[in-house]
Amino acid sequence: MSKKTFAPASLAAQAMGWVDPATRAVVPPIHMASTYLRDEDNAYRSGRVYARADNPTFDHAETTLAALEGGVKALIFSSGMSAATACFLALAPGDHVVASKVMYWALRNWLLTFATQWGLEVEFVDADRNDAVAAAVKPGKTKLVWIESPANPTWCVADIAAIAAIAHKAGALLGVDSTVATPVLTRPIEHGADIVMHSATKYLNGHSDLIAGALVGAREDAYWAKLRTIRAQLGTVMGQHEAWLLLRGMRTLFPRVAWACRSAQSLAERFAAHPMVSEVLYPGLPGFAGHATAARQMKGGFGGMLSVRVKGGERAAIATAARVELWKRATSLGGVESLIEHRASIEGPGTPCPPDLLRLSVGVEDANDLFDDLDQALKRAHNA
Ligand SMILES: *Cc1c(COP(=O)(O)O)cnc(C)c1O
């Protein structure tokens, strides 16, 4: 694009305004090659050798995402898990890390098993309490602080700027899983984060049709070089078709997220007054514990994710999920179709998730249809 700086929404819609210099196509091609031609003198002046390291089709998605996050570089990965775990594998056995107690369950399980066996010392804290984070960091020994905001599945909010200051003072990096906030609502690097992670499976792609992950770096430093090497060595790259689909999905990120936020806010307010609901967890509700931090840190909405706690406990929650017709009973989030999930039974034993909780991922359907459908399911489950 021209030298004028366009707003992130414009950059996303046009995937950075890229036009193919050879054909004038406004959509980039998919580069399928797994290998690149070597020069006659044995050099690789193109800078590309083999597609396990990089691919021009990755570049489009990475450049776009780095711009949306206000970062310097991005790397796309085969999944959110491979992106997140790379951040820990780039440390050394013996290093100390502080991580949020409430976080994506599969990453928490990996930290408790593989990462711990491999030699990382992992300490879990309530990341919505700055004093708890400050008490847990060990200056000089803690290398990474890892938070998620809003965090699955209770949507507690971590204060990124305050935690960045705590981490940096101790000599640690701050990594933020920003899957739920998306760059539309929060740009963690502007608040001091060093690494932003996404399950691009979710909002970035937005159509529940691929598995993808991404990291965005505030700097291109030695740690960033390690992340790039880990991706190339483990081969946790995306397929070329998938990388292209991800870029296509990101073009509609802003309108999808804006729509989902509006609907989620209205659903949260309406279900908070529902006779069969004991509590609604949503950062956009003024009574929610993290509301003030969220209001400061999130711009333009509080996200498309909320949870409702159903009166009558686990049985009533599962019975409600069984009776929806429009909401889809499935795990995952951030797609155009709304999902409902009994979260505790997916996370299994040891989960901090309350058993009466239904996690809602709000898509882009009509908000009244979504309300009416869950309302009838709550009433039928109650009367069953
Ligand atoms: C889904 C998810 C992940 C894991 O991403 P995958 O793409 O499924 O590997 C990590 N963090 C959050 C917040 C998620 O929702």
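The values are calculated or read from the model by the stated rules, or taken from the named source; none is laboratory data. On a predicted model such as this, the values are computed, not experimentally measured, just so you know. Here the Cβ positions follow ideal geometry from the backbone for every residue, glycine too, while neighbour counts run over all protein chains shown.
Table for the structure above
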{"read-out": "Which numbered condition L112 fails, given (1) aliphatic (A, V, I, L, M); (2) away from the ligand (no atom under 12 Å from the Cβ); (3) over 22 Å from H168 (Cα atoms); (4) in contact with a helix residue (DSSP H, G or I) (Cβ under 7 Å, 6 or more places away or on another chain)", "value": "(4)"}
{"read-out": "Number of the exception - G119 against (1) in contact (Cβ under 8 Å) with a residue 24 or more places away in the chain; (2) within 16 Å of the ligand (Cβ to nearest atom)", "value": "(2)"}
{"read-out": "Test: residue in segment 218-231 that is more than 20 Å from L360 (Cβ to Cβ), assigned by TED's automatic domain parsing to the domain that holds L107, in contact with a helix residue (DSSP H, G or I) (Cβ under 8 Å, 6 or more places away or on another chain) and within 15 Å of the ligand (Cβ to nearest atom)", "value": "yes"}
{"read-out": "Pair list, Cβ under 6 Å, 6 or more apart: segment 225-243 residue in contact (Cβ under 8 Å) with a residue 60 or more places away in the chain, other residue assigned to a helix (DSSP H, G or I) and surrounded by 15 or more Cβ atoms within 10 Å (Cβ to Cβ)", "value": "L227/A86; I230/A86; I230/L89; T236/S82; Q240/T57; A243/T57; A243/F58; A243/A61"}
{"read-out": "Which numbered condition A22 fails, given (1) modelled with pLDDT under 95; (2) surrounded by 15 or more Cβ atoms within 10 Å (Cβ to Cβ)", "value": "(2)"}
{"read-out": "Extreme residue, surrounded by the most Cβ atoms within 10 Å (Cβ to Cβ), among residues of segment 292-336 that are in a loop (DSSP other than H, G, I, E, B) and β-branched (V, I, T)", "value": "V324"}
{"read-out": "Residue within segment 91-101 that is modelled with pLDDT under 95 and assigned by TED's automatic domain parsing to the domain that holds G171 present", "value": "yes"}
{"read-out": "A170 being within 23 Å of L360 (Cα to Cα) and at pLDDT 95 or above", "value": "no"}
